[in-house]
Each structure stands twice: as structure tokens, then as C-alpha cells.
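Asks: Input: one structure, supplied below.
Quick note: the coordinates plus some simple rules give every number you see, no bench work behind them. All of these numbers come straight from a predicted model, not from anything done at the bench. A quick note on method: Cβ atoms are made from the backbone with ideal geometry, for glycine too, and the neighbour counts reach across all protein chains shown.
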Amino acid sequence: MTAPTSCYDALPGPVTTFNDWFCPAGSIYPTLCGPGLYGDLTTTCTACPAGKYCWPVEEDPAASGIWVPKGITGDCDHAAGFICQGGSWSPKPQYNGLDFLIAGSQDFTTYNGPTIAGYIAQTGAATQLACVPGTFNPSFYQLTCIDCYAGRYCPDSGMRDISDYICKEGYICHSKMSIAKPVTAVMDGLTVLGEPCPIGYHCPYFLSHKLPCPDGFTSEEAALAFCSTCPSGHFCDNDVSTGGSVSKIVCVTDSICDLGEKRQPNCAIGMFELDNYCRNCT
């Protein structure tokens, strides 16, 4: 009785590579590996490696007569915002339920498809990369993260929604800020990312910039959300744009300076100012 031809001998020849075929136990003829898999003529197929895609395609060039299987077909299309974490059959794989993927889930580390919000694709990286603190990404298919908006802060990695992350009142969060309350200036090289509200200004909630104190109010310490009313016996001319004072100024002696006075009032009728005093006319 003639022995059956082995799986290895049954391949059409001449054959130079076996990247798409496998031989199940007891088989006579080799079997083509399916999408997302490749084989080397062993008994099983192997999942396409991370960063690559595998599509079983047979070619039979007329000039050579040599069959050239594809095996590992090519690179994942990172430039279009896709990741291939293993077993991908396309350079641009799709995934059902992308909106429900979250970091830490089982599928998150194995799925093939577009990058999710909070993460980006990067050429040469098999997995998606989380946006670092100070940045975020609200969309799919992205290659770069967005610097955190002025007036907001992004404290965590992989952030997708920053609507509830508002800088604390009394403090200024410029672009790319990662903390809500910068008690000292936070620097990125020579760029100020965050700082306390400076003296002479106030920084209310929901604002991304400082505001000068209006006349009749004063700010004599940093990190204030609101300016203080100018105290009695003083006036507060806080026109900082013209070089005015940023703090309260003692009124002329015996002049009437009420709470919230904006300018030095005139002396009472029958009095005149001399040497910073209101004196009786004689």
C-alpha cells in the first residue's frame, strides 16, 4: 500500500516561503490561514503580531510561476489613527462598541481599531498612548493630544472630558495646566503655565485671566478671588494702566473718606489742604 503524501510534500512547487499555510494534525494538504493570522507550515496558525496586519493572499506571477504568499502583509495605519494590538487583518481595523471601551478593561489591551478618546496613535507603537497630564483628547482617530485649555486643568493621564476641571478661584491656569491651585508659579521652561492671582488684581471663578481691582477697592495680597472694599480713612485709585496705586492710600487728615472712597475728597467748606492736612481758613 502506498503511503499518503505528507502535508509538507503536497505543496505546489517550487515553493520559497510558507507564511500563510499550516498543516493541521493528520492533514494531507496544507490549509491557508485565515484573516489576521499567518503560518509557517506548522500545525497551527499564529495571530498577526502587534503593529502589523495579515491578509491571506495568493499570488502566482506569470513570469516566474512561483507562488508568493503574503503572510504578514504590512504595517498598521498609525498615521490615520489606528492601532493593531495583535491579530489584525486590516491596516485600518474597525471595532464595534468603540464608545464603550475604557482603559483597564480586557478589550482595551487587545482590540484592533481606531484610538479612543484620551489616547493617541503613534507611528511604530503597537498600543495607543495615553495623553499625559496637562493635555487631553476628546475624539477618536487622533495622533496628537490637545493642551489643556486656559482656565481649566488636566490632572490625569488619558483624559477625554475636562468640562468639570475648572481652575480654583484666586488662581490663574494658563494653557497646559495640570493642577487646579498653583500656589507658586508653575513653569514649563520659560513659559508660565499657572500662578496665583497677583497683588492688585482679582481672579473670580470661571475666568482664565486676571482682572484689575476697580476704583474704590483694593487688593494687597495674592490669590484673591475678589477685591476688598477700600476701608474708611483711605481712598483706592486702582487705575493700574496709568500708573495709579494698587493699594489703599491714607486720606488727608481731617478730610472725610468714607468706605469705598475712589479719590481723595476735597476738604470741608471753610478748610483747605496744606502739608497733607485739612486746615481752617483764616
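Asks: Sequence-distant or interchain residues sharing an amide H contact under 5 Å with I83, placed H: which?
Replies: Residues meeting the criterion, in which the H sits 1.01 Å from N, are G113, T115.
Asks: For G71, enumerate residues with amide H under 5 Å from its amide H, sequence gap 5+ or separate chain, H modeled in the peptide plane.
Replies: Correct list: D20, V57.
Asks: Do you know the relative contact order of segment 77-167, to the nearest whole percent, from alpha carbon pairs under 8 angstrom that are 6+ apart?
Replies: Numbers: 202 pairs, mean separation 23.8, N = 91.
Across segment 77-167, relative contact order equals 26 percent.
Asks: Highest mean first, what order results for 175-184, 201-210 on Cβ atoms within 10 Å? Numbers along the way, then the final one.
Replies: Details: 175-184: 18.2, 201-210: 16.3.
Put in order of decreasing packing, that is 175-184, 201-210.
Asks: On to the next question. How would segment 104-155 be classified by its alpha-carbon gyration tensor: rounded, prolate or oblate, with rounded meaning a/c under 1.5 and the a/b versus b/c comparison settling the rest? Kindly include the intermediate steps, with their values, before the conclusion.
Replies: Numbers: a/c = 2.43, a/b = 1.88, b/c = 1.30.
Prolate.
Asks: Moving on. Sort segment 77-167 into rounded, prolate or oblate with this rule: let a ≥ b ≥ c be the square roots of the eigenvalues of the Cα gyration tensor; rounded if a/c is under 1.5, and if a/c is not under 1.5, prolate when a/b is larger than b/c, oblate otherwise. Walk me through the numbers before you get to the answer.
Replies: Details: a/c = 2.53, a/b = 1.94, b/c = 1.30.
It comes out prolate by the Cα gyration axes.
Asks: For the residues C48, C257, what sequence is obtained by ranking on other C-beta atoms within 10 Å, fewest first? Write down the numbers at each step before the final one.
Replies: Values: C48 25, C257 20.
By the 10 Å Cβ count, ascending: C257, C48.
Asks: Rounded if a/c is under 1.5, else prolate if a/b is larger than b/c, else oblate: which is segment 155-194, with a ≥ b ≥ c the root eigenvalues of its Cα gyration tensor?
Replies: Numbers: a/c = 2.41, a/b = 1.34, b/c = 1.80.
Here segment 155-194 falls in the oblate category.
Asks: Additional query: What order do you get for 71-79, 113-121, 159-167, 84-92 when each peptide is scored by the mean count of other beta carbon atoms within 10 Å, highest first? Provide the component values of the computation, followed by the final result.
Replies: On the way: 71-79: 17.8, 113-121: 23.1, 159-167: 16.0, 84-92: 20.6.
Packing order, densest peptide first, comes out as 113-121, 84-92, 71-79, 159-167.
Asks: What are the ³J(HN,Hα) values, in whole Hz, obtained from phi via the Karplus relation 6.51 cos²θ - 1.76 cosθ + 1.60 with θ = phi - 60°, for each residue of segment 169-177 in sequence order, with x given for Gly and Pro?
Replies: 5, x, 9, 10, 10, 7, 4, 6, 7
Asks: Pop out the ³J(HN,Hα) list for segment 27-36 in order, Karplus 6.51 cos²θ - 1.76 cosθ + 1.60 with θ = phi - 60°, rounded to Hz; leave Gly and Pro as x.
Replies: Once θ is set to phi - 60°, the couplings for segment 27-36 become 7, 8, 10, x, 10, 6, 5, x, x, x Hz.
Asks: Same structure again: Mind listing the long-range amide H neighbours of H202? Cut-off is under 5 Å, sequence gap 5 or more, other chains count too, H placed in the peptide plane at 1.01 Å from N.
Replies: HN-HN under 5 Å from H202: L211, C213.
Asks: Please name whichever of Y119, A79, N96 sits farthest to the positive end of the charge dipole of segment 77-167, dipole taken about the Cα centre and charges placed at Cβ: Lys and Arg +1, Asp and Glu -1.
Replies: Checking the options against the dipole of segment 77-167, the answer is A79.
Asks: With bins 10 Å wide starting at 0, give me the P(r) of segment 108-216 over every alpha carbon pair, in whole percents.
Replies: Going out from 0 Å in 10 Å bins, segment 108-216 shows 16, 38, 25, 14, 5, 1, 0 percent.
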